[in-house]
1. With springs connecting C-alpha atoms under 10 Å apart, model chain A as a Gaussian network and identify which of A:L44, A:L27, A:L73 has the largest mean-square fluctuation.
2. Over chain B, what is the mean sequence separation of C-alpha contacts under 8 Å (at least six apart), divided by residue count, expressed as relative contact order in percent?
3. Please pull out the direction-averaged projected area of segment A:12-111, using the convex hull of its alpha-carbon atoms, in nm² to one decimal place.
4. I'd like the FRET efficiency for B:R55 and A:S8, computed as 1/(1 + (r/R0)^6) with the beta carbon distance as r and R0 of 25 Å, rounded to 0.05.
5. Mind jotting down the three principal axis lengths of segment A:56-104 based on Cα atoms? Whole angstrom, largest first.
6. Under a 10 Å cutoff between Cα atoms, tell me which one of A:E95, A:E57, A:E76 has the largest fluctuation in the Gaussian network model of chain A.
7. Choose one answer from A:R34, A:R101, A:R86: the residue with the largest mean-square fluctuation in a GNM of chain A with alpha-carbon springs under 10 Å.
8. With a cut-off of 8 Å between alpha carbons and a minimum separation of six or more residues, what is the relative contact order of segment A:6-107 in percent?
Amino acid sequence: MNHPVLVSVLLAAAILVIYAACLGLLLVRGAAARLHYLGPVTLLSPGLVSLAIIVQEGLSQAGRKAIFITCVLLLEGPIMAHIIGRAIHSISQQEQRTSHREGNSNSGKRE
Amino acid sequence: MTIWLLAEIGLLLAVIPCAYVIVRGPTLSDALVGLQLGGTIAVLALVVLAQAMSRPSFYDLAIVTAVLSFASGFMLAHFLERWFR
């Protein structure tokens, strides 16, 4: 089956999702807020691209490999978001502790 | 110029904002997020390129890239956590 219009729509949707995520990445401040934009790119875009390949090629070798890549990205996305979120939280806690310690030592010097 | 080649060009242009965030930061955590996003876009770019050029071997490259970007992102996040401890 070959539906060029449907393939174009699916690819355009995938690209739009990626561009929206990149725009969010540029405009938003803070690593924790930026982390949210990984979600659509790892979940929606691979699915749309794989769907476009399946519409064009059917369930051929290309289609099956595209499905496999989508599954890999679907599994990897939330795990990486969790790992990066934990690292961001740990780093911010450490930075707060360091600045608190410096504040205490400065107040000691004043006395 | 097929729709797949146009999509490929679009995906390659999408890597530029990720590279900007990696370089400018302002923190290493921001760069890590940009790196992960750029890696995922690179995987999709390889998949679309495989379809555009009709080269099935690029799918295998995309699979390897996906696994390696996961492993490298994990190691970098783990290293950053320990470095700041």
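The values are calculated or read from the model by the stated rules, or taken from the named source; none is laboratory data. Quantities reported herein were computed from a predicted structural model and do not represent experimental measurements. Cβ atoms come from the backbone with ideal geometry, glycine included; neighbour counts cover every protein chain shown. SASA here: full protein model, heavy atoms, side chains in, ligands and nucleic acids out. Shrake-Rupley method; radii C 1.70, N 1.55, O 1.52, S 1.80 Å.
1. The residue with the greatest mean-square fluctuation here is A:L27.
2. Computed value for chain B: 29 percent relative contact order.
3. Computing the convex hull of the Cα atoms and averaging its projections yields 7.7 nm².
4. Between B:R55 and A:S8 the formula returns 0.75.
5. Projected onto its principal axes, the Cα set of segment A:56-104 covers 66, 14, 9 Å.
6. A:E95
7. Judging by the Gaussian network model, the answer is A:R101.
8. Averaging sequence separation for qualifying contacts and normalising by length gives 29 percent for segment A:6-107.
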